[in-house]
1. Between the alpha-carbon centers of segment B:347-414 and segment A:488-517, tell me the distance in whole angstrom.
2. Given contacts defined as C-alpha pairs under 8 Å and at least six residues apart, what's the relative contact order of segment A:397-538, whole-number percent?
3. Over all residues in B:499-512, what is the mean tally of Cβ atoms on other chains that come within 10 Å of each residue's Cβ?
4. What residue among A:Ala243, A:Val357, A:Ala511 has its Cα farthest toward the positive end of the dipole of the protein assembly as shown, where the charges are +1 on Lys, Arg and -1 on Asp, Glu, each on the Cβ?
5. Out of residues 5 or more away from A:Phe465 or on other chains, whose amide H comes under 5 Å of its own, with H placed 1.01 Å from N in the peptide plane?
6. What is the average number of partner chain Cβ atoms found within 10 Å of a Cβ in B:177-187?
7. Would you please calculate the Kirkwood hydrodynamic radius of segment A:5-279 over all C-alpha pairs and express it in Å, rounded to one decimal?
8. I'd like the distance separating the alpha-carbon centroids of segment A:245-273 and segment B:121-169, in whole Å.
2 protein chains.
Amino acid sequence: MNTIQIYDTTLRDGTQSEELNLSTEDKLRIATKLDQLGVAYIEGGWPGSNPKDKRFFAEMQQYQLSTARLAAFGSTHAAKVSAENDANLLALIDSGASVMTIFGKTWDIHVTDALKITLERNLELIRDSLAFLRPHAKELFYDAEHFFDGYKKNADYAISCLGTALDSGADLLVLCDTNGGTLPEEVAAIMDAVRTRLPEARLGIHAHNDCELAVANSLAAVRHGAVQVQGTMNGYGERCGNANLCSIIANLELKMGYSCLPEGHLERLTDTSAFVAEVANLRCFKRQPYTGQSAFTHKGGVHVAAVRRNPRTYEHIEPELVGNKQRILLSDLAGQSNILFKAKQYGFELDKGDPFVLELLTELKNREDQGYEYSAAEASYELLVNRVLGRARNYFRLISFRIMDSVFTEGMEPFTEATVMLRVGGMIEHTAATGKGPVNAMDCALRKGLERFYPNLGEMRLLDFKVRVLTGSVREDGHGGTAAVVRVLIESGDQKSRWTTVGVSYNIIEASRQALEDSINYKLFKDDQKKLTQAIREI
Amino acid sequence: MNTIQIYDTTLRDGTQSEELNLSTEDKLRIATKLDQLGVAYIEGGWPGSNPKDKRFFAEMQQYQLSTARLAAFGSTHAAKVSAENDANLLALIDSGASVMTIFGKTWDIHVTDALKITLERNLELIRDSLAFLRPHAKELFYDAEHFFDGYKKNADYAISCLGTALDSGADLLVLCDTNGGTLPEEVAAIMDAVRTRLPEARLGIHAHNDCELAVANSLAAVRHGAVQVQGTMNGYGERCGNANLCSIIANLELKMGYSCLPEGHLERLTDTSAFVAEVANLRCFKRQPYTGQSAFTHKGGVHVAAVRRNPRTYEHIEPELVGNKQRILLSDLAGQSNILFKAKQYGFELDKGDPFVLELLTELKNREDQGYEYSAAEASYELLVNRVLGRARNYFRLISFRIMDSVFTEGMEPFTEATVMLRVGGMIEHTAATGKGPVNAMDCALRKGLERFYPNLGEMRLLDFKVRVLTGSVREDGHGGTAAVVRVLIESGDQKSRWTTVGVSYNIIEASRQALEDSINYKLFKDDQKKLTQAIREI
C-alpha cells in the first residue's frame, strides 16, 4: 500500500488562527498526543520568531517521540546577511529538531515588492540557506510559499525556485497554496507540470481553506503525485484555516487506499481531534466530518427508521473506524421509530400503534411547537416518557414562589431574594434564599427546601445555563422584544453523570423554574432507579 | 455567461441539522432574506411530513417573492396507495408552491430492503407520482436519493430510475450524494456517464459534507454539466451538513466565471450568512470561507505588515466582493487607530496620543474583559465614546427599582411587577407596571415613568432580545450554572432606524437594565442630535 506522510503543523501554522492560542505546556501535550496518533512529522514552531517556540523545542529535547519526527520551521535567510550569520537559521540548528522546513518566495512580485530584491538574489537566498542547513538536518524540506499563485503568474521563475532548492539539498518540495484561492483542477494541472519539469523531485502539498477546498486540493495533489500532506488538526489556521488533517487522513485511508498512520491507529482520530480542541479550550465544531459530534447523528424520522435497520443507509462509513459513534436525536422531525428507540433505552418495550406511543407523539409535537427542544434536553424527555407511562413519582410540588430583585440606591449591586413554598408528601416547606441573580436565587431556595428530605441533592451541581430567545414568538405589540418567548437549557451533573433539562415561557424565571424542577426530579428519579436495580439484584 | 441555478434547501434539509431548529416565523424571515440574496429556488419544507411546514407554505402565499421560486419537497407515493390518494403528494398540491421536488429511491438495495418492494414497483412509484403532480407544478424536479452509491452498485437500475422520472415529466434530475461519501473524481465520472446515457436530461447536484468534499463535489458536478446546485446557507444540514452555498456561489462567480445571483447581489452574501445564523441563534463559524468573521482576518506579524502594503499578498479575493471585510487583530496601536476611526464617524476629530483616546482604550479593554461585546452593539459604543468625551447628557437616572415575580398557587401564570424610581432633572418619578416576565415589566415601568417627559419614546419599539451565557465565566462554586455571567443584547428601533445595546452581569435583570437604559438614552441622544443639526441649518 502506498504511504502518504502526514505533516502536522497545528503547533506552528495552526496557531496563526485567531482563536488558537497555546502555551508551551499546551504544545507539549498536543505534540505527545499527535505522536500517539502516529503522524509522520510534528512541526513545533518557528524557533527564530519568538521565545515561546524556542522554549518548546528546548523542552521537547527531553521527550522521546515514538513515530513522529519533530520539525522546526524558518525562512530563507535575510537578504542583508549571509546564511551563517542569520539568527533565524541559527535558531533552527539550536532547536535540536531533526527535520527543518525552510520557506521562501516563489512568486516573482513577492520577491520584488515584498522582499525588494532581485529575482536572482532570491535564488541565492534559497541556495545559501539550504546549503548551510543541509549538514545539520536529518531531513530538509523547502516550503514554496505562494507556489500556485506564483506558477500562474510566472511559471518559469516558480520552477527555477524549486529547482534551486532541489539542487541545494532539499529532500522534498512543499507546494503551498498560501492564500487558499486555488481550485482542485488547477492543483492537479500544476502538480503534473511540476512533475514533468522536475521528475526527480518528491513533492508535498500545503493547502488553505479559503475556498472550502483545502481537503479536495490536498487529495488532488496526492492523486497527482504528492507524497506528503501538510495540515492541522480540525483545520485550525489563519483566516479560514489550513487543510484539515482529520478529514484528509480518513479520506486517504478509508476511501483512497493509502496508508497514513500506523496500522490500527485511525480509530484514535476522533479522540485526538477532541483532545486538541479541549487543550486549546475551543468548542468542537459539531458538524466536523468524521470526528465531529454530529458526524454520525440522525434526527429525521425517515432516516432514523432506516439507520436502525441498517446503519449504512445513511452513514458512509462505520463511525467506529475513526473512533466516533452513532447518535440518534429527538425532534419534531421524529416519527414513531425515534420514540420506540428511545423508550427501549429507558426500558420500555412498546409497539408501533401503542396508544401510549401516540400520546407521546402528540405531547411531543405540541411541546416542540411551543418551543421545547428535546434533542438537547434528553433528561426532560426521559421524564416526560416516564410520566406519560405512569412510572415517574412526584418528589415534590412547588406550590408558590416569589422572586424579588431590588436596587435600593443608584449604582448598588442588585439584591435578589427568592421564597418558595414546597409540598413534599404531607409536609409543607416554606423557605427563602438569596442568590446571584433571580435564577440562582430560586435554585438556592429550592435546594435549601429539598435537601432536608433528599440529602442526595447535595451531590448535584448545575454546570451550565443557556438561554435562547425564540424570535418566532416575538409579539407585535410594540414591546415584542422583551416579551419574547425564551427557552432555557440547564445542564446538571453529579459525580457519575450529566444531564440537560429544558423550560419554555415568555418569562425567563418561569422557564428556568421548569428546567430546574426537571433537573432535580431527574436526579431523584435516577437515584431511585439505581436503588431499585440494586434491590432487585440482591433478591 | 453561463448561469447556474442555486436551489437553497436551508429550510428543509438544513433543518435536519442537530442544531438548526426554526419556528415558522424564523422560516418566513429567512425565506425573505434568501429571496433578497437572489437564489433561484427556496425549498421551504416537506408539507406532507409535519404541521409546521404546512403552516409555512400557507403563510408564504401572502408573500410576493421577487427572484426566487418557492419549492415544496415530498417523496414518491407510498407503495400501498395510489398517487391520487397519497397524503404526502396531496399536501404538495395544497402547499401552493410552484415548484415540486420529489425524492425517490435509485439504489437497488434501498428499494428491496428499506421500501421492501420490487425494483419494478419502485419505477411505478416514480412514474405515477411525477405524472400525477405534473399538471399541478410549474416546475417538477426528481431528486434521486443515494444516486452515486446506487450507481456504483447497480448502474443500470440507477439510470432506469432517472429515465423513468424524465419520461414522466421531470424538468430536472437532481443527483444526490445522500451519505456524503463520494469523491470528486467519482462525481465527475458518474456525471459524464449519466450525460452519455441520458443526453437530453438537465442535471442538478445535491451533495453532503461527510468527507469535507461537498463544495468540491458540487463544483465538479458543474464542470461536468450540472445546471443546478442544491445546498444550504452556512452548510447547515444533518450529520456534517449539506454543501455550503456561500462557498459554492462565491467560487462559481469569482473563480469559475458562472453567474448564480442577480448582478451585484454577491456582496449580500456575508450579511445573508450572518442573518441566517442570527435568526437560528447559532454562533457563526468564524473560519467559514468567504463569509466568516475570520475569513479575512490577519494575526501574524509578518502577514499583517505585508497585507497593509498590499492586501492581495495574503487574500485570495477582495473581501468586499462578498460583503465581508478585512480585520487586523487589535494590538494596542491598532486599537487606537480603530478608536480614532470610529470617533471620526461620530464627529470627533481626535489625534493619536490624545488623553481621551487613551481613556477610551482603557475603558474599552476593561469592559471587553468583563464580557461586553461592542461589535454587535454599536449604539452602546457610541454612547460610551460620547460620555467619555463629555457630549452625552444625563436624560434620567434610575435611582432604585424592584422586580417581583410571583406564583401564588401551583400552576398559575406568574405575576410580574416592576417598580422604578427615576430622577429626571429636578423631578422624581416613582411608578410601577406589570409585564410579561421580569425584563418586560421593567421595560414597561421605565417607559411609563419617562414618556411624560420624553413623549418621543412612544415611537420607540424593542425588536429583539438576546441572552448569551458567557461560559468562560462559570464559577466553580457548585452553583456555577445559574450564577454564570450573561450578556444581553437588545435591539430597538423607531420609524427611521434600528440600534443595538448591550448589558453584562451575573444577574440577567441587571444586564437587561443596562441594555434598556442604553437603548432609551440612545434614542433620546439621537433625537437631540437631529434637533441640533436642524437648528444649526436654520440659522
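Bear in mind these aren't lab numbers, they're just calculated from the coordinates by the rules spelled out. In this text, all values refer to a predicted model and were calculated from it rather than measured experimentally. Methodologically, a virtual Cβ is constructed for each residue, glycine included, from the backbone with ideal geometry; neighbour enumeration extends over all protein chains shown.
1. 30
2. 14
3. 4
4. A:Ala511
5. Those qualifying (amide H under 5 Å, at least 5 residues apart or on another chain) are A:Glu491.
6. Shielding by partners across B:177-187 averages 4.
7. Numbers: mean 1/r = 0.0542 Å⁻¹.
18.5 Å is the Kirkwood radius here.
8. Result: 36 Å between the Cα centres.
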